[in-house]
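Participant: Have a look at this one.
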């Protein structure tokens, strides 16, 4: 469950000395006591932050039900972040029975206040048909509101929907626009799909070099399918100089993540490599595995 945290810091920095640690513990208890007092008095921000403390187990035993209690009190006062977190709790069934309709109720209230996270969540609910009837056009509306605020996941979703023509008329130029914005923020799905658009030459000039750039960025985030394609690019000298050592390394780490096609291509490349290249490829593969395999 991805919650929003706020601005009251419950835990002070840890001191090196034992005396400092004792002082910090006292300060932590005082801070939590003050926070609880303010929450009981009805201050929405304090209620929200106390909910975060219980959800994350910060200086209190972790307790989702208690977290939901405080989120609800803050949400009922109009705190948008609390409304969002309460919606997530219902969506995931944490601290409350799973209830998509109740989740959407709180998402909608939060989204109406203009926050991009909440607007994105509303888009997901509409696209998946959870808590509301499936409605791709309504999903596009919420994704667009979020994307226009720079929310990368929403930009990716909107770009993808333009790419396939769901909820909007198919428009590859719009697809590229939104996918690029998301990809530039590091969204791995957008990077991978943008690579595919340049590889296929859909509404952009076909460009293996540009495709390789985006596949590489996705591969470096551990995306096995992108690692497969980048390995093929190196094996064939497509968009990059031919390099069996790099091809082997990318294909090997993709195979290690369960990409069956990568295993087949790796074994084919292996037959073309010299013993020295194989040794270098295995060493590079170990280095790539440390950097570019999802843990």
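Participant: What single numbered condition from (1) over 24 Å from residue 193 (Cβ atoms); (2) at pLDDT below 95 fails to hold for residue 272?
Facilitator: It is condition (2) that residue 272 fails.
Participant: Separate question: So is residue 119 touching a residue at least 24 places away in the same chain (Cβ under 8 Å), under 22 Å from the mean Cα position of the chain (by Cα), in a loop (DSSP other than H, G, I, E, B) and under 30 Å from residue 163 (Cα atoms) or not?
Facilitator: Against the criterion (touching a residue at least 24 places away in the same chain (Cβ under 8 Å), under 22 Å from the mean Cα position of the chain (by Cα), in a loop (DSSP other than H, G, I, E, B) and under 30 Å from residue 163 (Cα atoms)), residue 119 does not qualify.
Participant: Every residue in segment 217-228 that is more than 15 Å from residue 183 (Cβ to Cβ) and either touching a strand residue (DSSP E or B) at 6+ places or on another chain (Cβ under 8 Å) or buried (at least 24 other Cβ atoms within 10 Å of the Cβ) (or both), please.
Facilitator: Across segment 217-228, the qualifying residues are 227, 228.
Participant: Still on this structure, I have one more. Restricting the search to segment 201-235, which residues are over 18 Å from the mean Cα position of the chain (by Cα) and outside any helix (DSSP H, G or I)?
Facilitator: Selection gives 201, 202, 203, 204, 205, 206, 207.
Participant: May I ask you to say which residue of 54, 91 is surrounded by 20 or more Cβ atoms within 10 Å (Cβ to Cβ) and either modelled with pLDDT of 95 or more or farther than 21 Å from residue 151 by Cα (or both)?
Facilitator: Exactly one residue qualifies, and that residue is 54.
Participant: Criterion first (surrounded by fewer than 24 Cβ atoms within 10 Å (Cβ to Cβ), at pLDDT 95 or above and over 18 Å from the mean Cα position of the chain (by Cα)) does residue 189 satisfy it?
Facilitator: Judged against the criteria, residue 189 is not a match.
Participant: Could you tell me which residue of segment 236-256 is nearest to the chain's Cα centre (by Cα), considering only residues that are part of a helix (DSSP H, G or I) and surrounded by fewer than 22 Cβ atoms within 10 Å (Cβ to Cβ)?
Facilitator: 256
Participant: Looking at segment 129-139, which of its residues are modelled with pLDDT under 95 and part of a helix (DSSP H, G or I)?
Facilitator: none
The values are calculated or read from the model by the stated rules, or taken from the named source; none is laboratory data. Keep in mind that what you see is a predicted model, and the values were worked out from it rather than measured. Please note: Cβ atoms are built from the backbone with ideal geometry, for glycine as well, and neighbour counts cover all protein chains shown.
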